[in-house]
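Enquirer: The structure follows.
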Number of protein chains: 2
Amino acid sequence: MTMKANLLTHAEALARSRGIDAFSYADLAAATGIRKASVHYHFATKADLTLALIEDYAARIADRLNQIEAQSAAASGALRDFLQLYHDALGTGDSLCLCVAFSAATDSLPEASVTRVEAFRKDVTAWLNAQFNRARQDGSVRALSDPAQEAAALFALVEGAQLVARAARNPDRFTDAVAHFSDRLIMGAIQ
Amino acid sequence: MTMKANLLTHAEALARSRGIDAFSYADLAAATGIRKASVHYHFATKADLTLALIEDYAARIADRLNQIEAQSAAASGALRDFLQLYHDALGTGDSLCLCVAFSAATDSLPEASVTRVEAFRKDVTAWLNAQFNRARQDGSVRALSDPAQEAAALFALVEGAQLVARAARNPDRFTDAVAHFSDRLIMGAIQ
DNA sequence: GGGTATCTACCTACTAGTTGGTAGATATGA
DNA sequence: TCATATCTACCAACTAGTAGGTAGATACCC
């Protein structure tokens, strides 16, 4: 792995567990074993670093969502995988998905990153909207209302569930919070 | 208003709009017109200040929830008022409820404050649980499942909806995200 | 091939500014 | 007189970021 990728990996872990405000170039230098000035060589300013973080993250999640959609036989399967993705992002209960971490720190983020996070949020909500539209066809989600409304609600639910689970340092809280929604998913033999 | 209360008011506003990490004693001094050292006279350390903030806030919300419960004729009315309370906390879209702000910054909070926030979260969830139990009696919430599950889900939903609305700087996003839940509330002539 | 130039990736050593926090003087009112 | 509340003037530690230098790889030209 290149040092740049290495720095991004550590920065993402720190941002997700502590928040963007709460880690410094010094932390990053300590984590990777190079000097602070060398971190600046790869990412001139912290604004550059945060933008790189969100772009990298957004690309990875977009790939994963496409993959989930392609692999699922019904909307319910895709939505179950979506929940699992956000559950797994919690790790042992000490880290958030980067989107939640960035949303929580909007004020200390450079404008370019805020815009990028907004676009990411819009993309994920659009993906959810597509799944709920699919569900309207395949009938794999119980008590379905307006897809756009469902998408907005589910996105807020998983973000809130992450926040609660991380604050309690217990990923089970995520499962509890989304249980009511999970119960609405009708799973066939193979999803 | 005493200077101590004045400081708490400004600190709460700053914590809710920017986050706890993102305001300093210097900001507080500038906001109140006294010197930084004088702020330390009232709150010796930032740990003291954050604890005072959450205690003050928890007491106010507990009062408000008791009031809401007493005034409501049915569970649906109490839950609608609960949603309104969290909606109003957003202001024009630039501030979170203190619980969300504190949950997002768990790592940079002193242990005593983390514990206090956890207790607050537990209290609010218990209140929601009580409302859903009430709903089981009065039938004012459609498609009701397990009250504890509903409480966990609703709490996560409002926290996430606040996060999304603040990030987008638009309180309407909160309304969108909770619309699906709102639709489940059966409102009588007088609530 | 040998010399020159440029690039990558790092370094030491620094700056200017901010952070939470402290010591000790001073004003004010009961 | 004495507690309360404020002040000025500091401190150590940390922040992002900069200046200037170096070892080694790569590229180009004669």
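Enquirer: Kindly provide the helix-only [θ] at 222 nm of chain B, computed as the sum of -39,500 (n - 2.57) over DSSP H runs of four or more divided by all residues, to the nearest 500 deg cm²/dmol?
Expert: Counting only the DSSP helices, I get -24000 deg cm²/dmol.
Enquirer: Classify the range B:88-150 from the C-alpha gyration tensor, please: rounded if a/c falls under 1.5, else prolate or oblate depending on whether a/b exceeds b/c.
Expert: Note, shape of the range B:88-150 comes out oblate.
Enquirer: How large is the Rg to Rh ratio of the protein assembly as shown when both quantities use alpha carbon positions and Rh follows Kirkwood?
Expert: Ratio of gyration radius to Kirkwood radius: 0.98.
Enquirer: What's the FRET efficiency of B:Met187 with A:Thr175 using the Cβ-Cβ distance as r and R₀ = 35 Å, to the nearest 0.05?
Expert: Once rounded, the FRET efficiency stands at 0.65.
Enquirer: Report the FRET efficiency, 1/(1 + (r/R0)^6), for A:Ala70 and B:Asn133, where r is their Cβ-Cβ distance and R0 is 45 Å, rounded to 0.05.
Expert: Rounded to the nearest 0.05, the efficiency is 0.55.
Enquirer: Let me ask you something else. Throw me the Rg/Rh for chain B, computed over C-alpha atoms with Kirkwood Rh, two decimals.
Expert: Value, to two decimals: 1.02.
Enquirer: Would you kindly work out, in nm and rounded to one decimal, the distances from the label point of A:Thr45 to those of the same position in each other copy, ordered shortest first, with label points 7 Å along Cα-to-Cβ?
Expert: 3.5
Enquirer: Could you check the simple spin-label distance between A:Thr115 and B:Ala37, using points 7 Å along Cα→Cβ, in nm with one decimal?
Expert: 4.6
Enquirer: How many Cβ atoms of partner chains, on average, are near each residue of B:168-180 if near means within 10 Å of its Cβ?
Expert: Across the residues of B:168-180, the mean count of other-chain Cβ atoms within 10 Å is 5.
Enquirer: Kindly express, to the nearest 10 degrees and within the range 0 to 90, the angle between helix B:3-18's C-alpha long axis and the longest C-alpha principal axis of chain B.
Expert: 60
Enquirer: For A:Val141, what residues show an amide H to amide H distance below 5 Å, using hydrogens built from the backbone and excluding near sequence neighbours?
Expert: Residues meeting the criterion, in which the H sits 1.01 Å from N, are A:Ile186.
Enquirer: At a threshold of 8 angstrom on Cα-Cα distance, excluding pairs fewer than six apart, so keeping six or more, what relative contact order does chain A reach in percent?
Expert: 25 percent.
Enquirer: Which ³J(HN,Hα) values, rounded to whole Hz and listed in residue order, are derived for the range B:167-184 from phi using the Karplus coefficients 6.51, -1.76 and 1.60 in 6.51 cos²θ - 1.76 cosθ + 1.60 with θ = phi - 60°, glycine and proline given as x?
Expert: 4, 8, 6, 8, x, 4, 4, 5, 4, 4, 5, 9, 4, 4, 5, 3, 5, 7
Enquirer: Roll a 1.4 Å probe over the protein heavy atoms and report the accessible area of A:Ile186 in Å², nearest 10.
Expert: 60
Enquirer: Turning to a different aspect of this structure: Between copies, how far does the label point of B:Ala148 sit from its twins, in nm, shortest first, when each point is 7 Å from Cα along Cα→Cβ?
Expert: Label-point distances to the other copies, shortest first: 3.9 nm.
Enquirer: Given a 1.4 angstrom probe, I'd like the percentage of the accessible area of the protein assembly as shown that is carbon and sulfur, rounded to a whole number.
Expert: 53
Enquirer: Rounded, prolate or oblate: pick one for the range A:1-53, where a ≥ b ≥ c are the square roots of the eigenvalues of its C-alpha gyration tensor, a/c under 1.5 means rounded, and failing that, prolate if a/b is larger than b/c, else oblate.
Expert: Rounded is the answer for the range A:1-53, as its axis ratio a/c remains below 1.5.
Enquirer: Hey, another quick one. Applying a 10 Å radius around every beta-carbon, put B:31-43, B:144-156 in order of their mean neighbour count, most first.
Expert: By packing density, highest mean first, the sequence is B:144-156, B:31-43.
Enquirer: Compute the acute angle (0 to 90°) between the alpha-carbon long axis of helix B:46-71 and the principal axis of greatest extent of the alpha-carbon atoms of chain B; round to the nearest 10°.
Expert: The angle comes out near 30 degrees.
Enquirer: Same structure, new question: What figure, in Å² to the nearest 10, do you get for the accessible area of A:Cys99 with a 1.4 Å probe and non-protein molecules left out?
Expert: Rounded to the nearest 10, that gives 0 Å².
Enquirer: Below 8 Å, C-alpha to C-alpha, sequence gap of six or more: please give me the relative contact order for the range B:19-114 in percent.
Expert: 35
Enquirer: Using only protein heavy atoms and a 1.4 Å probe, how much accessible area in total is buried between B and A, to the nearest 100 Å²?
Expert: Buried surface at the B/A interface: approximately 2700 Å².
Enquirer: To the nearest 10 degrees, how steeply does helix B:111-138 sit against the main Cα axis of chain B, on a 0 to 90 scale?
Expert: 20
Enquirer: Between copies, how close do the B:Asp123 label points come, placed 7 Å along Cα→Cβ, listed in nm from shortest?
Expert: The answer, with the shortest distance listed first, is 4.2 nm.
Enquirer: Rounded, prolate or oblate: which fits the range B:139-191 when a ≥ b ≥ c are the square roots of the eigenvalues of the alpha-carbon gyration tensor, with rounded for a/c under 1.5 and prolate only if a/b beats b/c?
Expert: Oblate, since a/c reaches 1.5 and b/c is not below a/b.
The values are calculated or read from the model by the stated rules, or taken from the named source; none is laboratory data. Computed from a predicted structure; not experimentally measured. Ideal geometry is used to build each Cβ from the backbone, glycine not excepted, and the neighbour counts take in all protein chains shown. All accessible areas refer to the heavy atoms of the entire protein, side chains included, with ligands and DNA or RNA removed. Shrake-Rupley method; radii C 1.70, N 1.55, O 1.52, S 1.80 Å.
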